[in-house]
Each structure stands twice: as C-alpha cells, then as structure tokens.
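I have placed the structure first, in the form of structure tokens, so that the comments after it can refer back to it.
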Amino acid sequence: MRLRFTTAGESHGRGLVTVVEGLPAGLPVTAEWVDRDLGRRMRGHGRGGRMTIEQDRIEWISGVRAGETLGSPVAMLIANRDWANWQEVMAAEAAGAPRERRVTRPRPGHADLTGVLKYDRTDARDILERASARETAARVAAGALARRLLDEFGVTVASHVVALGGIVAGAVDPLDAPGAADHSPVRTLDPEAEAAMVQRIDAARAAGDTLGGVVEVVADGLVPGLGSHVSWDRKLDGRLAGMLMSIPAVKGVEIGLGFAAAARPGSEVHDPIIAGGGHAAPRRGGNNAGGLEGGMTTGEPLVVRIAMKPLSTLMTPLETVDLSSGRSARAETERSDVTAVPALGVVAEALVALVLADAMLEKFGGDSLTEMRRNVDGYRAQLAARWSGERDAAR
C-alpha cells in the first residue's frame, strides 16, 4: 500500500485527527476542498441533533506548505464543538473520580457489549466513543485528499442513494448529472422515490425507529490495469470491499451486477469485447462487471453498491442486559440519526477514492506530482500506440 491513512479520536473527545501518508509532493490542496466534503457528509434528511452542533472544518497540522503537499505525512485536525459539553465526561486524566454518564445497558447491533467483553471494561462508553460513526468524518477528510489527487488525472467519483427504508429508486447514472444528488435531501436522483423516502424517514422518527439502505458509488476516467490478478491482496475488488465493509453499519458490498449475477447464465453476465475498428481500442458491450475483471480495472466506469443496516440507537429501545446488575433492561438511548444512508454515500466516495488513489500510486509511483503525471502520460501513450500500429511497427 502506497497511500496509507489512520485516524484517532473519540466521538465526544476534543477532536478527530487524520494522518495521510504517501501523497506525492506538489499536489495543490486547500482546506476549502476538504471542508466541502465534510459539509456534504453532515447533510441529509434523517440526521440527528449532533449535526446542528458541529461545523466540521479541518486545520492543517503538518505535511502542507504554501498550498502544496510536501511528500511527508499530512495531518489534519477536526475539532469537536460538542467537546464543550463533554469535557468532564471525557477527561483524559481523572483517575479515581466517579465516571459520569456511564453506559451499562449495551445496544443490540452495536459494538457495546462485545467491546466491553473484549477489552475488559465496565463502562460501554469506553467502546462506543470510538465505535461511533463520528469517526467517518476523519475518513472523509483523508478521502478528500485522495480525490484531489485523482482529479489531477481526470478521475471523478460520485454517489447516490438507490434504496432507503425499503423504497427503491429508479435506475439513474450519477455521472449524467454530477453533483445532482447533493441537491436532494436524501441524496437520490429519483424525485418520486425521494418523496417516499422522506415520508418513510418521518414515520420511522415518529415510531422511535431507524432505517437502512443502499448507496451506489461510480468512478469514471480510470485507466485499465489498476490493481492486479497475481496475488489476493493486490486484487482491487478485494481492496474495495474490505475498505467499504469497514464503515460502521455496512453489511454488504457488491460490484457491478453483484449478487444478481449469480441468478443469470454466463451469456447474460459477461460483457462482450467489441473491436474498436481502425486504430481504436476495443470496448465492452456493457458493464455488468462494474469496471473490474480479474481484480483489475477495465477502463469502464467502476460501479460499487454498499448496503447499510438500520442504526442501532433506537428511541424506542430494544431489550438488553444491565452490565452493573445482570438484569434485563432497555438499551441506552442518546441522540441519534433516524438514518445515515445519505451520509453513507459521501463516506463511501471518500474510501473508494482512497483505494483508487492508492492503486494509481502503486502502478505509477512518483515522489512528486510531476513525476507521477509523466508516468501516467507514458502509460496512456503506450496503450494508444498498441492500437495505432506504432508498437508492432517498432518491433
């Protein structure tokens, strides 16, 4: 892995820190570019009260000077405004003092109980603060830098909600109207489905319930050959699936036709390869493969869908056990979203961008943006020469 990132911080702690290592030197970056995606993540019908408190912005800590990356690790801080209300609860040094707002009634579906058992804790807050989806803000910041690198090479990444609470949107390509999903309160491109989704969210809120859904991410402008077939850990589909499955509450990832391909004969699944004619490169007669074959990009748009389960904090809580007494109880309830599916698309975009940028750096290398651009241009020229006859003539 050439492009690595790590995050630190708790949901109600002082803030979140993101460290991104492997970006080439000379990449133009601005806080405004990163903040834009952080703002997109915070929007969406069904979000909870936390989004009215936070105003996510990054502060550069290292790795950037005069608006360009230096080639060294880039560190960013996202301050938690809600920290002001939680300083005593989340104090780093208060040994021996009674813990405030202890969580002893773990939520079904959350990391609470398993984390308490694994780490030998008596207060599930020690687990839930880090297991919270608040951490995804740090990932979005990292992904914004990866997207900035991809932008230099004409690669675009977009997403939209294709299902929410059982309501399925009509088939629409987000690349036909880039950014249009951001104008929808639920980030869908189907106006009829949008109205039904909003109603479903409002009904779930009234019932104290939560909703899941599915988002689709599409990346375009990729060269063929990112990733590799030679080893399991270099296959791009595996890298994408692993990264996306790490998002809290995500329970499924499919590429192209995904599970639907299992019900069809091969003649209806595999994309024919059609001669381009003259000196043109061959093309696929469809994109059921979702832009990936043999663990490598084909040059067609990359299409990935991600399924999110309903969130585990319910305002009408489920049965659980109280860790302090061992007796049956109702699970803890703190403020929560009714659904985070609209935000999931923005988070998934960020992680897809990180995987693709890593694959670009893996194939083309380059300590500077200038060197990387030269390598990419050379590869594109090599591909063009293959179909122009120049390569065979040279042999």
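Computed over the chain with a Gaussian network model linking Cα atoms closer than 10 Å, the most mobile of S324, S62, S132 is S324. Considering the chain, its Cα convex hull presents a mean projected area of 22.7 nm².
Partner lysines whose Cα lies under 22 Å from the Cα of K118, excluding those fewer than 8 positions away in the same chain, are identified as K251. Histogrammed with a bin width of 10 Å, the alpha carbon distances of the stretch 305-395 distribute as 13, 20, 19, 16, 12, 10, 7, 3, 0 percent, first bin at zero.
Between A92 and A275, the contour length at 0.36 nm per residue exceeds the Cα-Cα span by 59.5 nm.
Note on the chain: GNM, Cα springs under 10 Å; of E371, E254, E135, the largest mean-square fluctuation is that of E371. Rounded to the nearest 500, the 222 nm mean residue ellipticity of the chain from helices alone is -9500 deg cm²/dmol, with -39,500 (n - 2.57) taken per DSSP H run of at least 4 residues.
Its Cα gyration tensor gives the stretch 343-382 an equivalent ellipsoid, and the semi-axes of that ellipsoid, as √(5λ) in whole Å with the largest first, are 26, 10, 8.
Values quoted throughout were computed directly from the atomic coordinates according to the rules given, and no laboratory measurement underlies them. Values in this document were obtained by computation on a predicted structure and should not be read as measured data.
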